[in-house]
Amino acid sequence: QVQLVESGGGLVQSGGSLRVSCAASGTIWFGNVMGWYRQAPGKQRELVATATSGGSTNYADFVKGRFTISRDNRRNTVYLQMNSLKPEDTAVYYCYVRQGSDYWGQGTQVTVAS
């Protein structure tokens, strides 16, 4: 089993920055994928960014150039640095780990005020 604990969400003005973090505990496999999804009210959950343990990253087009995903493999922690935030980035951000099965965090709210 894997447990994920997110932190760092909050309220920010448009154009501002936030960093969210997710610490994984339990049975963590080397070679897993960690990442972030988000879900806005009335919308489906969508992929934001992923990172492999080897350092490969993948981003949704709508965050390229603004968000940066990184991970600390020794701490089993993944980060999402969000810059130039827009009101449409408002959502609950969910951390996940894929290692055989998918494991999800409880979500952290990010609200961007216009």
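Tell me the strands (runs of 3 or more DSSP E) entirely within segment 36-114 that contain at least 3 residues that are closer than 15 Å to residue 9 by Cα, in contact (Cβ under 8 Å) with a residue 40 or more places away in the chain and open to solvent by less than 70 Å² (accessible area, probe 1.4 Å).
Of the strands (runs of 3 or more DSSP E) lying wholly inside segment 36-114, those with at least 3 residues that are closer than 15 Å to residue 9 by Cα, in contact (Cβ under 8 Å) with a residue 40 or more places away in the chain and open to solvent by less than 70 Å² (accessible area, probe 1.4 Å) span 77-82, 91-99, 108-113.
Looking at (1) out of contact with any strand residue (DSSP E or B) (no Cβ under 9 Å at 6 or more places or on another chain); (2) modelled with pLDDT under 95, which one does residue 29 not meet, given that it meets all the others?
The single condition residue 29 does not satisfy is (1).
The values are calculated or read from the model by the stated rules, or taken from the named source; none is laboratory data. Remember, it's a predicted structure, so these values are computed and weren't measured experimentally. Glycine also receives a Cβ, built like all others from the backbone with ideal geometry; neighbour counts cover every protein chain displayed. Accessible surface is based on the protein model in full, side chains and every heavy atom, while ligands, DNA and RNA are left aside. Shrake-Rupley method; radii C 1.70, N 1.55, O 1.52, S 1.80 Å.
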